[in-house]
Every structure is written in structure tokens, then in C-alpha cells.
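Peer 1: First, the structure itself, so that you have it in front of you.
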């Protein structure tokens with residue numbers, strides 16, 4: 001026998017009017033995905049591109065809208081950027097703040113055409129570039145190389161690509177035997193130039209360390225310090241040291257014998273265009289031998305300039321005259337040569353401190 005309840009249900013269904021049946025499916029949320037396009041590493045002040053193109057919706061395909069935000073920090077704190085709405089097929093770019101090394105959280109909210117949304121998060125790790133340090137070492141004043149007793153200046157150039165504040169520390173590396181009293185000292189108010197005065201010849205190095213709070217950059221510069229060498233008679237007019245005597249006729253005009261160039265560390269001639277407290281002038285001493293002196297070399301009184309003039313009219317035909325010049329600097333030196341030697345060099349080389357001319361009057 002049939003179940004009464006089942007029978008009544010079947011009868012009710014048969015009595016319903018003919019028509020269509022509707023079903024309402026549940027809309028699924030889209031899938032959100034963030035990919036960092038730039039492989040990194042990422043540093044302050046650089047732009048980082050992110051993509052949500054991998055996001056999808058099983059029902060609406062790729063017709064999705066993405067809203068991006070990022071949390072950025074500066075010296076005043078951290079704040080979330082204004083929302084940026086883009087099609088999910090478009091990339092999003094965030095510029096990392098300079099001077100900040102905190103990781104940057106990025107969030108994207110993916111929305112489909114029916115308003116269903118889903119969010120994804122990504123963190124950009126921010127690295128650090130160590131400071132680059134360059135140290136330039138040069139002698140103070142106008143000297144072209146470093147000499148004992150003359151200050152040496154070291155200047156530092158620091159570049160921190162991240163814009164970080166850096167702290168500088170200086171170190172002086174002395175050659176063996178360098179005095180304990182020789183230390184670096186500041187030259188200007190910005191602290192980027194310091195100097196020291198070497199007390200012996202050798203290689204002196206200045207090392208500067210720049211610390212940005214995370215990493216250190218190191219730079220160094222060297223000064224090859226030399227002893228103050230003797231002055232060198234580098235050029236004369238006429239050329240000194242010729243084997244044949246220079247012939248002057250009594251009717252000729254007075255003739256100047258001159259030193260045109262003296263090479264010296266601190267006392268060159270002619271002197272430098274710019275004045276320097278560490279440089280001076282060479283000294284000249286002249287001697288002459290003539291019939292008036294009995295052929296003996298005697299100092300020429302008052303002759304301290306770089307030239308000496310001979311008037312041939314003051315002599316008789318056949319007279320032989322010898323001229324000699326010696327150069328000195330501010331260091332007390334004794335020439336090792338015999339007084340009769342027409343030329344002399346302290347080092348036995350081409351750097352001569354004494355030169356001579358021979359003259360014949362006709």
C-alpha cells in the first residue's frame with residue numbers, strides 16, 4: 001500500500017503550473033597573487049616593480065581590478081600610501097625611501113566584476129650599500145711632493161648611495177720610526193680634511209673609515225715623504241761647464257752670466273706663482289778669478305742674485321777670467337768637492353750645486 005505522505009507530494013507537484021526552474025550559484029572570490037618583478041637586491045631610493053598578473057578568477061577570467069598600498073617609512077615614522085587602483089594586468093611600482101632600511105609591506109586587493117575580493121601581501125626586503133670612500137693625499141702649500149717637515153693634507157670624499165648619515169674615523173699609519181707626536185689634526189670645520197707633519201722620510205698612509213650604522217667603507221691614501229734634497233742648478237745662460245772658453249771682445253757689450261732655473265723641493269728658482277709658508281728662495285754665491293785677483297778665485301762682494309755681469313772693456317786682450325756660482329737652500333750643507341773643482345754635486349750625480357764658466361778677452 002502506498003505511503004500517504006509520498007502520494008500527497010506527487011499530487012502537489014503535478015498540480016504546479018508549467019514554467020522554468022532557477023538556481024542561484026555562489027560567486028567564488030578571486031585568487032590574488034603578488035610577484036616582485038625586479039629580482040633585487042633592493043636598496044633605499046630605488047624603484048621596485050610588482051605584478052599581480054598571476055591573479056585570476058575562475059568565473060570572470062582576468063577582468064580583475066587591483067588596488068595597491070604600501071607602508072613606507074621616513075625620519076618622521078611610517079605611513080600607508082594612498083590606494084592605487086590598476087587593472088591587474090598592469091604593474092605597480094613603489095619607490096623605496098632613502099635613508100631607510102626597514103622592510104616594506106605591500107598589499108594588493110583583487111576584486112572581480114561582482115565585487116568579490118581577495119587580498120595578498122608581499123614584503124620587500126631592503127638592503128644596504130656600504131659607503132664608498134676615497135682619500136686624496138697631497139702636500140700642503142705649493143710643493144709638488146711631500147717633504148719632511150712640511151704638512152701633508154688628506155681629504156676624504158664619501159658617497160653613500162642610500163643617503164645614510166655616516167660617521168668618519170681617521171687613522172694615521174706611520175713608517176717605522178715615525179714620532180709619537182705626529183698626529184692627524186683637522187684643517188677645516190667640515191672635518192673632511194686633516195693634516196699631519198711627517199718627521200722622517202718614508203711611506204705615510206691615511207686611512208678613513210665611514211660607518212653608515214650598518215656597514216663600514218674604508219679608503220686610504222699614501223704620501224711618499226722624502227728628505228729635503230739639495231737644490232740643483234738645472235739651467236744656465238750661457239751653458240756652464242763647457243771645455244772651451246767663451247770669447248768676449250773688448251768692444252762687446254757687458255755679458256750676463258745667469259742661473260735660469262734651480263730645481264729644489266722647497267726653495268726653487270724662479271719661485272712658485274702662489275706664495276707658501278713652507279717654501280723659500282735659494283741663495284747664490286759667486287766667485288771670480290782674473291788678473292786682478294792674481295788668478296785666484298775670490299768671492300764677489302754683494303753678488304747674491306742669480307746673475308753676474310762681466311764688462312769685457314774692463315779687461316785687456318788675452319785676459320782669462322773664471323766665474324763660479326754655488327747655490328744653497330735653507331739646509332746647511334757642505335760641498336764634498338775640492339775648492340778647485342769647477343763643478344760639484346753633493347750626491348755625485350747630475351744635481352750640481354756648483355758650476356763654472358771660462359772666459360777669454362780678445
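Peer 1: Only one of (1) in the same structural domain as residue 210 (by TED's automatic domain parsing); (2) surrounded by 15 or more Cβ atoms within 10 Å (Cβ to Cβ); (3) at pLDDT 95 or above is not met by residue 150, so which one is it?
Peer 2: It fails just one condition, (3).
Peer 1: Please go through segment 77-107 and pick out each residue that is in contact with a strand residue (DSSP E or B) (Cβ under 6 Å, 6 or more places away or on another chain) and closer than 14 Å to residue 57 by Cβ.
Peer 2: The one that is in contact with a strand residue (DSSP E or B) (Cβ under 6 Å, 6 or more places away or on another chain) and closer than 14 Å to residue 57 by Cβ: 88.
Peer 1: Within segment 199-304, considering only strands (runs of 3 or more DSSP E) that don't extend past its boundaries, which have at least 3 residues that are surrounded by 14 or more Cβ atoms within 10 Å (Cβ to Cβ)? Walk me through it before giving the result.
Peer 2: Numbers: elements: 202-211, 216-225, 232-237, 246-248, 255-263, 283-289.
Counting at least 3 such residues, we get 202-211, 216-225, 232-237, 255-263, 283-289.
Peer 1: If you check residue 133 against the conditions, is it within 30 Å of residue 157 (Cβ to Cβ), out of contact with any helix residue (DSSP H, G or I) (no Cβ under 8 Å at 6 or more places or on another chain), modelled with pLDDT of 95 or more and assigned to a strand (DSSP E or B)?
Peer 2: Details: within 30 Å of residue 157 (Cβ to Cβ): yes; out of contact with any helix residue (DSSP H, G or I) (no Cβ under 8 Å at 6 or more places or on another chain): yes; modelled with pLDDT of 95 or more: yes; assigned to a strand (DSSP E or B): yes.
Considered against the rule, which asks whether it is within 30 Å of residue 157 (Cβ to Cβ), out of contact with any helix residue (DSSP H, G or I) (no Cβ under 8 Å at 6 or more places or on another chain), modelled with pLDDT of 95 or more and assigned to a strand (DSSP E or B), residue 133 comes out as yes.
Peer 1: Take segment 33-51 and flag every residue that is over 18 Å from residue 160 (Cα atoms), in a loop (DSSP other than H, G, I, E, B) and either at pLDDT 95 or above or more than 30 Å from the chain's Cα centre (by Cα) (or both).
Peer 2: Of the residues in segment 33-51, the ones over 18 Å from residue 160 (Cα atoms) are 33-40, 48-51.
From the residues that got through so far, the ones that are in a loop (DSSP other than H, G, I, E, B) too are 33-34, 37-40.
Those that are over 18 Å from residue 160 (Cα atoms), in a loop (DSSP other than H, G, I, E, B) and either at pLDDT 95 or above or more than 30 Å from the chain's Cα centre (by Cα) (or both): 33, 34, 37, 38, 39.
The values are calculated or read from the model by the stated rules, or taken from the named source; none is laboratory data. In this text the structure is predicted, and so the values were computed from the model without any measurement. Reconstructed Cβ throughout: ideal geometry from the backbone, glycine too, with neighbour counts over all protein chains shown.
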